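Here is the structure we will look at, set down as structure tokens.
Please treat every number below as a calculation from the coordinates, not as lab data. Since we're looking at a predicted model, the values are computed, not measured. Here the Cβ positions follow ideal geometry from the backbone for every residue, glycine too, while neighbour counts run over all protein chains shown.
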Amino acid sequence: MSNIVHHRKSYEKHSLEVEDLKAAPHEMLEFWLSEVEELHDYNAMVVSSVDASGQPHSRVVLLRGVNEDGLKFYTNYTSNKGMELEQNNKVALNFFWPSVERQVRVEGELHKLTDAESDAYFNSRPRESQIGAWVSPQSSIIESREVLNERFREFTNKFEGQSVPRPSNWGGYLIRPKYFEFWQGRPNRLHDRLTYSLVEGNWSIGRMAP
């Protein structure tokens, strides 16, 4: 920890100009994702929500789809995260890829996917992950790791020889974005920050000071 105050890195790999941007922000995000596909968990993103007291909470989840409608991820609806999002559907996302010195921020409103969409994704998951969705009372306090191990054995036996159904408290969300910021690290901390803001149904592009 003694060196943390002195740790420095000069960002020099790329630049980002307005003419580099795609017409729509989801296309730009897809392009940047395509350039880091070889990275482990390149689709990891931080999701931030706010609880009833106004306290923000952040955690990492995996992006599972992006198109002109928005960004998708899946989770337990009765977890702390799910309860916070039920109370306040405004959400912020953050992607960070240090190897290319890039970051993307997204802000928008979140809505549940249909049961059919959640079923389709759940059915594509490995069987062990499907069982895991039944096992974990996400965000609840448990006595020990053995509680999870025992529940995994119980549900493995329960669903033996049959398809694993999707739990009713597990499913997907669609984030409908209103704002994107594409950040490219530059020397001397004079980073490029280009934004898309949704204004009356159209995307307006701008540049922000670093």
In nm, spacing of pseudo-spin labels at VAL18 and PHE159 (7 Å Cα→C-beta vector)
5.1 nm
Alpha-carbon centroids, segment 145-176 and segment 1-78: separation in whole Å:
28 Å
Out of LYS13, LYS90, LYS112, a Gaussian network model of the chain with alpha-carbon springs under 10 Å gives the largest mean-square fluctuation to LYS13
Charge-dipole axis of segment 53-210 as Lys and Arg at +1 and Asp and Glu at -1 on Cβ define it, positive-most pick from GLN162, LEU93, SER53
LEU93
Output the 0 to 90 degree angle, nearest 10, between the alpha-carbon long axis of helix 115-124 and the longest principal axis computed from the alpha carbons of the chain.
90 degrees
Restrict the search to segment 179-210; then list the chymotrypsin sites (Phe, Trp or Tyr not before Pro) that DSSP places in a loop and that have at most 10 other Cβ atoms within 10 Å of their Cβ.
none
Taking the Cα centre of the chain as origin, work out the dipole magnitude from +1 charges on Lys and Arg Cβ and -1 charges on Asp and Glu Cβ, in debye rounded to 20.
500 debye
Which distance in nm do the two modelled labels at VAL147 and ASP69 give, with both placed 7 Å along the Cα-to-Cβ direction?
3.6 nm
Nearest 10 degrees, 0 to 90: what angle lies between the long axis of helix 145-158 and the longest principal axis of the chain (Cα atoms)?
60 degrees
With a 32 Å threshold on alpha-carbon distance, the violating pairs from LYS9/LYS81; LYS112/LYS158; LYS158/LYS178; LYS13/LYS90; LYS13/LYS178; LYS13/LYS81 are LYS9/LYS81; LYS158/LYS178; LYS13/LYS90; LYS13/LYS81
Which residue, ASN169, ASN188, ASN80, tops the fluctuation ranking in a GNM of the chain built on C-alpha contacts under 10 Å?
ASN188
Using a Gaussian network model of the chain whose springs link C-alpha atoms within less than 10 Å, name the residue from GLY108, GLY172, GLY65 with the highest mean-square fluctuation.
GLY65
In segment 88-189, the GluC sites (Glu not before Pro) that sit in a DSSP loop and have at most 15 other Cβ atoms within 10 Å of their own Cβ are GLU143, GLU160
Stretched fully, the stretch from ARG59 through GLN87 gains (0.36 nm per residue minus C-alpha distance, one decimal, in nm) 8.3 nm
Could you point to the label whose value was computed as volume of the Cα convex hull per residue in Å³ for the structure here, given [x] 107; [y] 123; [z] 175?
[z]
Do any trypsin sites (Lys or Arg not before Pro) in segment 23-78 lie in a loop, going by DSSP, with at most 16 other beta-carbon atoms within 10 Å of their beta carbon, and if so which?
ARG64
